Amino acid sequence: MAEQRERSKFSIFGPGMIITASFVGPGTVTTMTQGGAGFGYSLLWAVLFSIIATIALQEMVARLALVTNEGLGEAIRDIFNHHLLKIITVWFSMVAVAVGCAAYISGDLLGTSLGAAYLLDIPEHIIAPVIGIIILLIGLKGSYDLIEKVMTVLVLIMGVIFITTVIVIQPDFGAVLKGAFVPSIPNGSLLTVIALIGTTVVPYNFFIHATSIHERFNGVKDLKIVRTDTILAIGLGGLISAAILITAGTLIEGREVKSLVELSEPLKPILGDFAPLFMSIGLFSAGLSSAIASPMGAAATISSCLRWKGGLKSKKYRLVFAIVIFIGIITSSLGFEPLEVLLIAQALNGIILPLIAVLIFIILNKKNMMGKFANGIVLNIIGIFVVLVVSFLGIYSLIDAIQSFMS
């Protein structure tokens, strides 16, 4: 086993691919499609920022995991001396992330079934539970290597499909570069900007990453490999997200859309009858990767906060994984996405994202925990900027959720 881990650690991709597979899900696909259709290429800068922010925060979490040999939950517990404050922070973080994962799993399974429904010509509410059962079996096996390989394959499929589509449609690359490097917020686009960033910088990915690092690597000697993996994998996720937005901005700008499946129609002159198949496979891959990540996020967060040992092999980890999947199987079979629960999850996410980002920043500046691997000046400047932006987004998201809930 040790020999297998030693060999596999030098492959091109590792835990970073799980993070990428997690955030490039149905929500990202829909948000990127709506962003491109509504505002062309003008919001590409938000995608670029979200990827930089994600890389910065995930690198900090990965470094923390390697240096302390602990998860993020354990590290959060260790920074508080006041017992009550420790309990409140740890339990709020744990509950907020777990509720969010449970709320979103139904949408992830239904998003996966949208792609599969076209491929198999079977109703979505029937396919979704079957996919949930398959994911449950993957999780109960408790094999990190299996999950990493599945996630890597799904991300590579999405990369081939969406990046190839951009090459085929030949957008105005001058306008694309302008949209990526000249920030602008067109009228009515602020909520879309928040959604573009919020769908990429995901709180539970911090806990997943730290747990995955321990499954694959053995201390600070692997820091360079981990950083390379983080940058390459999340960077690829950024290219996929940008490709979806660019495709929508090129083919359907000015139209109101709800799903990437709608992009297949304007692609038919280019790809013929393969257009719907092409997009369905991409959507299926995005949904499946995110549907695996949601129960992983809940299990990793609770395990870390409660100091459960054993990682994916732990019976308690697999129990949480199974509970979240069962919630998704039941709700998706009914075609049920309760708005109230999703709004609560959005509100909790609005609080938890800036809170976790601030805690990560504090931990990475504690010399007694991080030693010489604490943040330097450059990383602190980047970190402060990222924390300020995600705090603003979190507060805005919280206010929006409360207003929607009250209306």
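Structural remarks
- Some residue of region 88-95 being surrounded by 15 or more Cβ atoms within 10 Å (Cβ to Cβ) and out of contact with any Leu (no Cβ under 9 Å at 6 or more places or on another chain): no
- Per the conditions (1) farther than 19 Å from Gln34 by Cβ; (2) open to solvent by 10 Å² or more (accessible area, probe 1.4 Å); (3) in contact with a helix residue (DSSP H, G or I) (Cβ under 6 Å, 6 or more places away or on another chain); (4) touching a residue at least 40 places away in the same chain (Cβ under 8 Å), the sole criterion not satisfied by Phe206 is (2).
- The set of residues from region 247-263 being open to solvent by 10 Å² or more (accessible area, probe 1.4 Å), in a helix (DSSP H, G or I) and either under 17 Å from Leu120 (Cβ atoms) or at pLDDT below 70 (or both) comprises Val261, Glu262.
- Within region 68-84, the residues that satisfy the criterion of being open to solvent by 40 Å² or more (accessible area, probe 1.4 Å) and either at pLDDT 85 or above or assigned to a loop (DSSP other than H, G, I, E, B) (or both) are Asn69, Glu70, Arg77, Asp78, Asn81, His82, Leu84.
- Any hit, region 126-147, residues being crowded, with 19+ Cβ neighbours inside 10 Å, part of a helix (DSSP H, G or I) and acidic (Asp, Glu): no
- Within region 192-241, the set of residues being of a type in the set (Phe, Trp, Tyr) and within 18 Å of Ser294 (Cβ to Cβ) comprises Tyr204, Phe206, Phe207.
- Test: residue in region 162-176 that is part of a helix (DSSP H, G or I) and among the charged types (D, E, K, R): no
- For region 270-302, the tally of residues that are within 20 Å of Ile76 (Cβ to Cβ) and open to solvent by 10 Å² or more (accessible area, probe 1.4 Å) stands at 1.
- Subset tally (residues that are farther than 15 Å from Gly287 by Cβ and crowded, with 24+ Cβ neighbours inside 10 Å) for region 15-38: 7
- If the condition is being on the phi < 0 side of the Ramachandran plot and not in a helix (DSSP H, G or I), then region 22-63 contributes Val24, Gly25, Tyr41, Ser42, Leu43.
The values are calculated or read from the model by the stated rules, or taken from the named source; none is laboratory data. Not measured: the values here are computed from a predicted model. Using ideal geometry, Cβ is built from the backbone for each residue, glycine included, and neighbour counts are taken over all protein chains shown. These accessible areas exclude ligands, DNA and RNA; they are computed on the full protein's heavy atoms, side chains included. Shrake-Rupley method; radii C 1.70, N 1.55, O 1.52, S 1.80 Å.
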